[in-house]
Amino acid sequence: MEVVPAIVAALALFLPFFAWILRWAHERRFIRELVAGPGSLPPGSMGWPLLGEMFDFLRYFKFAKRPDDFITKRKARYGDTGIYRSHLFGSPVIITCSPEFNKQVLSRMTEEESLSSGWPSNKLLGNSSIAVVDGILHKRLRKSLMEAFTNPKALNAQLSIAQPVIISALEKWVSKRWIVAYDETKTMTFCNMCEVLVSFKSMELLGKMEGLYRGLMAGLRSLTINIPGTAYHHALKCRKQLTDILLDEMRKRVEQAVQKQDFMQILMDSVDENGAKLREMEVVENIVSLILGGYESTSDVMMWGLYYLAKHPEILERLKEEAKLIRKQKHKGELLSIEDIKSMNYTSKVAEELIRLANISPFIFRRVVKDDVVLNGYWLPKNWKVIVWIRSIHIDSKYYSDPLAFNPDRWTDLKPKLGTYSVFGAGPRYCPGSSFARSLLKIFLYHACLNYRWELLNPDVGFAYQPHPRPRDGAKMIFSRAQGDDY
Ligand code: HEM
């Protein structure tokens, strides 16, 4: 009878000691060879063997629903240094979370510096994806894409494709009576991306591709364990099927000498200074990445648009006033032009406020590749990952007054200081689709507020933060046509 309490007492004494030894050994494993580095390692902890600080990370993102407290806790424990060390996603990492450090990391590039893109799985994105490559290929891809996104003729073509997709999706929502905005805005944006980027229209094909993309994205967020049954294994299969569909389309265009007005064509026709074209896989992998980059990010902001406007009828009213002024100057059924979109002063502020609050990218990954990097005396060791934590800055009262309030008017005079507004990243990898995303959002707001009404079914539901911030019910709402309005 006395044996059990004795075992319990021994365990109570031994377990904390054993835990301390495990953590100490894990810390030493990474720190041992680093004692004589070119700077001091940022404060922090490497956590547990294998898991690192992943449990703490998931605790704040998934369970406590207070993602930024992951950083707040480190500030409280190690001081407000703006840079910490940790072990996350299976790697030793340096986390930067101050405007100054974030700016420094994001402005660096591999050829002259040592920081490369550090997305967890190149195999899923592809080795020639713009989000993965550095150097000459990165510059060349960006040049072609920026041209496609900013050339007025191409932009007009993109808008004339995107608007009918948005209008027909809104009409479909009315026929459903109630919708889960998180899902519906995704399907609408997916159709938009595929039509603008590869001219795919068939609903059957788009439905199939969206399923494959969801599989691919689940793999990007999972552990890279390639055995049947894992999300990663499934994602590799989805990627293969997606690249096959896109390769098939490319080859058909070449065989039938068909030219289309889309991004695939721009990439297929792009030549470098020696007249060399991109290889087939370079085109295909970049189309895959463009759809990945634009799909969920843009749709989630639209969902937040419906959510916040349902909660702020006074802002919806002002938005409507602006939209009505534009519509007055148009014929029935006439689509918005680039000039109309540029003229949307109040809508632009609403869009910017939505993008800030939606905080789609919580952080950006980099990897220290060539040499150690030293930032303000802190050492970023070679082969470590860097996580640039951007989301907490966008809702920090130091930079945004009453930061959680949905207040489009803050953008009337606000010019964010460098490093305090990085929703689209910064530096050489700044999001090439940012102005396209802003335009899509404004078009969506215009059509939605002019012609429809919606009401949240669960206005007080809490939020979830994984994989992206959203109301827990996905913004379930009644969606109907506004009385007395028509196109
Ligand atoms: C609200 C919508 C969007 C948000 C919040 C967003 C956010 C971001 C961020 C933070 C980055 C920087 C990643 C890094 O530095 O590693 C990025 C890069 C990128 N985005 Fe977006 N994005 C959006 C829309 C789009 C759209 C519509 C497209 C294309 C159709 C797109 C395509 C890309 C691509 C290809 C990159 C990689 C650029 C590079 O590595 O050079 N994004 N985006």
Paramagnetic label zone (point 7 Å from Cα along Cα-to-C-beta, Lys332; backbone N under 20 Å) in region 438-463: 447-448, 450-452
Kirkwood-based shape ratio for the chain, expressed as Rg/Rh from alpha carbons: 1.00
Between Val271 and Ile478, what length comes free when the chain is fully extended (0.36 nm per residue of separation minus the Cα-Cα distance, one decimal in nm)? 69.6 nm
Which whole-angstrom value gives the distance between the alpha carbon centres of region 1-75 and region 349-364? 33
Residues Ser168 and Glu317, FRET efficiency given R0 of 25 Å [Cβ-Cβ distance, rounded to 0.05]: 0.45
In the chain, with Lys and Arg counted as +1 and Asp and Glu as -1 at Cβ, which of these residues, Val350, Trp379, Ala482, has the Cα nearest the positive end of the dipole, that is, farthest along it? Trp379
Points 7 angstrom from Cα along the Cβ direction at Thr412 and Trp178: gap in nanometres? 3.8
Taking the Cα centre of each part, how many Å lie between region 163-200 and region 277-310? 13
Considering only Cα-Cα distances, which of the following residue pairs are longer than 27 Å: Lys65/Lys186; Lys62/Lys382; Lys172/Lys330; Lys123/Lys415; Lys139/Lys349? Lys62/Lys382; Lys123/Lys415; Lys139/Lys349
Compute the distance in nm between two label points, each set 7 Å from the Cα along the Cα-to-Cβ direction, one at Arg221 and one at Ala10. 4.5
Average Cα contact separation per residue, region 34-481, under 8 Å, 6 or more apart, as relative contact order %: 25
Fully extended contour minus Cα-Cα distance, from Ile31 to Asn122, at 0.36 nm per residue: 30.0 nm
Leu22/Asp244 FRET efficiency (R0 51 Å; Cβ-Cβ; nearest 0.05): 0.65
With respect to the cross-link table entries Lys73/Lys385; Lys103/Lys153; Lys75/Lys417, which display a Cα-Cα separation exceeding 24 Å? Lys103/Lys153
Run the numbers for Lys252 and Lys153: contour at 0.36 nm per residue of separation, minus the present Cα-Cα distance, in nm. 33.1 nm
If I model a spin label at Arg59 and Lys237 as a point 7 Å from the Cα along the Cα→Cβ vector, what separation in nanometres do I get? 3.7
Sort 147-153, 251-257 by the packing proxy (mean of other Cβ within 10 Å over each peptide's residues), most packed first. 147-153, 251-257
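Computed from the coordinates by the stated procedures, all read-outs in this text should not be read as laboratory data. The structure displayed is predicted, hence computed values, not measured ones. Neighbour counts run over all protein chains shown; Cβ positions are idealised from the backbone, glycine included.
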